[in-house]
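Novice: One structure coming up, written as structure tokens, with questions to follow.
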Amino acid sequence: MLALVLFGFSCTKPNADRTDTKPADETPGDNGGNNGGENGDGGEETPPEPEGPKVKTCDENLVLWISFDNDNLIEKGEGLTFKENKGEAAIKTGFIGKGWTNNAKINTSAAYSKFDVAKDNLFKKLESMTFTVWVNNNKDYFKGGIVSLNGGRNGSNPHDFPAFNVYMDNNNPVTIDDQKIPAQQINGRFIFHDAAGAEQNCWLDTNDPAFAIYGDWFQLAVTYELNTQKPVDPENPDGDKKTCATVMLYANGLHVAERAFDANIAFNNLVTEFCNAFYVGAWSTYVEGDSTQSWQSYWAGSLDEIRMYNKALSADEIKELYKEEVNINLEQE
């Protein structure tokens, strides 16, 4: 449920002068220097490093922030607890500070970070939302899950789809103005349930050249807005309106695509009692480790700065968030 747009310039060098660090589960007690601590002989404490600049755009609406910069990986996220890095998942140089990487650089090798989700969690409090992430894509292994929230059920049976997920599927070219242009396909899915267990699936499947960015960082963003007013007849924008939910897709701060869902359901309706794990770098089925189709694979590249907000950010706010994160990246060069 995401779509992105290319700016005409590369937004960053991938921090070539920074030193890669070990995965968080291999560096106990190290959270990027902010803990302080004693030296080996019990001498004076090491002074903490000064805090870097923080993103200010809609900070009061930020409900999840996974920065990968400390042992817990999370800066903010009610009900989420870092559990473990699995397989080839590693915490190394990211877009800002540290980030998530698949060391194997292939999507067939297991690589993901798992977060336990408590029953009282941030997802249950979201009616509308915004999700953003910085992505560094691998052209040779272009399929894979970016994030997913498990826990769907179809009646009494476990569902083989996540409740919420974002993933890339293929890089088939598209034809624009009689020319074939490289494109990358972004897929996303909401699974909504009512009290009786009836299911409403909301898919967004977007193939756009804006996604075909390889070997460089770009920002991907999606907003889900409840109670949107849309014309009943798209050809008559001034005519009768209907209430629906709308997904907007952005790349590098620019709007790329959107879709209106007639099922005007709050985002938190997808979060059931069975949603107990959130994954970075993998498509998660209800049963952990089970993958029912070959395209449900792992992320082969790198990820950083995962954020969720408790509202649908406007186009101007998405653009401002993008600019802030780019400036922070440039300041750390």
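Nothing in this text is a laboratory measurement; each read-out follows from the coordinates by a stated rule. If you're wondering where the values come from, they're calculated on a predicted model, not measured in any experiment. Counting neighbours? That spans all protein chains shown, and the Cβs are built from the backbone with ideal geometry, glycine included.
Novice: Give the separation of the Cα centroids, the range 56-91 to the range 197-248, in Å.
Specialist: When both Cα centres are located, 26 Å separates them.
Novice: Provide the packing ranking of 59-65, 212-218, i.e. peptides ordered by the mean count of other C-beta atoms within 10 Å per residue, highest first.
Specialist: 212-218, 59-65
Novice: Go through the range 318-333 residue by residue and turn each phi into a ³J(HN,Hα) via Karplus (6.51, -1.76, 1.60, θ = phi - 60°); whole Hz please, and just put x for glycine and proline.
Specialist: 4, 4, 5, 4, 4, 4, 4, 5, 5, 5, 5, 4, 5, 5, 8, 5
Novice: For the range 72-114, what is Rg from Cα atoms divided by 2.2 N^0.38 Å, rounded to two decimals?
Specialist: Normalised by 2.2 N^0.38 Å, the Cα Rg of the range 72-114 equals 1.23.
Novice: Rg and Dmax of the range 55-186 over Cα atoms: what are they, in angstrom?
Specialist: Computed over the Cα atoms of the range 55-186, radius of gyration and Dmax are 17.0, 52 Å.
Novice: Cβ neighbours within 10 Å, averaged per peptide: list 100-111, 166-177 in order, most packed at the top.
Specialist: Highest mean packing first, the order is 100-111, 166-177.
Novice: While we're looking at this one, here's another question. Would you calculate the separation in nanometres between label points at Gln179 and Ser314, each defined as 7 Å from the Cα along the Cα-to-beta-carbon direction?
Specialist: Between Gln179 and Ser314, the label points sit 3.5 nm apart.
Novice: Which lysines have a Cα lying under 28 Å from the Cα of Lys54, excluding residues fewer than 8 positions away in the same chain?
Specialist: Those lysines meeting the cut-off are Lys13, Lys22, Lys76, Lys83, Lys92, Lys98, Lys114, Lys124, Lys125, Lys311, Lys319, Lys323.
Novice: I need the Debye-formula profile for the range 93-132: one equal scatterer per C-alpha, no solvent, reported as log10 I(q)/I(0) at q = 0.21 1/Å, two decimals.
Specialist: At q = 0.21 Å⁻¹ the computed log10 ratios are -0.92.
Novice: Pulled fully out, how much extra length does the chain show between Glu333 and Lys125, if you take 0.36 nm times their separation in residues and subtract their Cα-Cα distance?
Specialist: The span from Glu333 to Lys125 would gain 71.2 nm if fully extended.
Novice: Going by average Cβ neighbours within 10 Å, how do the peptides 84-90, 143-149 rank, with the highest at the top?
Specialist: 143-149, 84-90
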